[in-house]
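Working notes for the structure below.
The values are calculated or read from the model by the stated rules, or taken from the named source; none is laboratory data. Predicted model, so just to flag it, every value in this text is computed and none were measured. Cβ placement follows ideal geometry from the backbone for every residue including glycine, while neighbour counts extend to all protein chains displayed. Keep in mind that these areas ignore ligands, DNA and RNA; they rest on the heavy atoms of the full protein, side chains included. Shrake-Rupley method; radii C 1.70, N 1.55, O 1.52, S 1.80 Å.
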Amino acid sequence: FRRVLFRSATGQEYLVAGDAVRIQIWDSPGETSSNNPISQVNGSYVIGTDGNIVLPFVGPLHVSGKSITEVEQIILNIYADFLKEPFIYIRPLIRITLSGGVARPGSYRIDPKSSLWDLFDLAGGPTSDADLRKISVVRGGKRVIPDLLNAFEKAYSLKDVGIQSGDQIRIPLKSGFSIQKLVSWINLGLTLTWLYVRISDGR
């Protein structure tokens, strides 16, 4: 089962379990200070398998299957007593897995409007032997985007590229063959031959 960020025919985004949301709330000047409890709401929340996020002072809130607009209104209603002139910003965070030539392979949640560079930065950047020419996207065991180099270079967003929640981005390593390695193998062969000759002569 692959969790995706559902989109209606009108383009409305719907949240699903397994992803996350980033919530930011601003109020009239001076109201959303560090002393205001609403400041503790700002942050990222993983949507659990039950479809809930857990909010400060509220507890579990079911958001799976709801649109961003619906969740914004629900949260504004919940915290109405703390707010005077609120502005709320909610972004879905999709779940992407990086494997291969990155410093920290694994699963990451990121705003779909972020670029591939932003995603790689979360993973500590590409390794020195990463073959960026062969980056691909795998979905459901099938390679759906065979070449990401152009998008990588032009800093297109994940959304623009067509990457979805649950996708895996594979960064293969460069071929192990090099002149330096060839010389090393030759030297090793010569050393082993020399040792064999010395041992044979000592018999």
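Tabulated data for the structure shown
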| quantity | calculated |
| --- | --- |
| Scope the range 131-142; condition over 11 Å from Ile169 (Cβ atoms) and either at pLDDT below 90 or assigned to a loop (DSSP other than H, G, I, E, B) (or both); matching residues | Asp131, Leu132, Arg133, Lys134, Gly140, Gly141 |
| The listed residue being at pLDDT below 65 and surrounded by 10 or more Cβ atoms within 10 Å (Cβ to Cβ), out of Leu195, Leu188, Leu182 | Leu182 |
| Residue ID - surrounded by the most Cβ atoms within 10 Å (Cβ to Cβ), chosen from residues in the range 126-146 that are out of contact with any strand residue (DSSP E or B) (no Cβ under 7 Å at 6 or more places or on another chain) and more than 15 Å from Ile96 (Cβ to Cβ) | Lys134 |
| Out of Leu61, Leu76, Leu98, Leu93, sole residue that is in contact with a Gly (Cβ under 7 Å, 6 or more places away or on another chain) and either in contact (Cβ under 8 Å) with a residue 12 or more places away in the chain or not in a helix (DSSP H, G or I) (or both) | Leu98 |
| Of all residues in the range 44-58 being over 12 Å from Leu15 (Cβ atoms) and not in a loop (DSSP other than H, G, I, E, B), the one that is most open to solvent (accessible area, probe 1.4 Å) | Val54 |
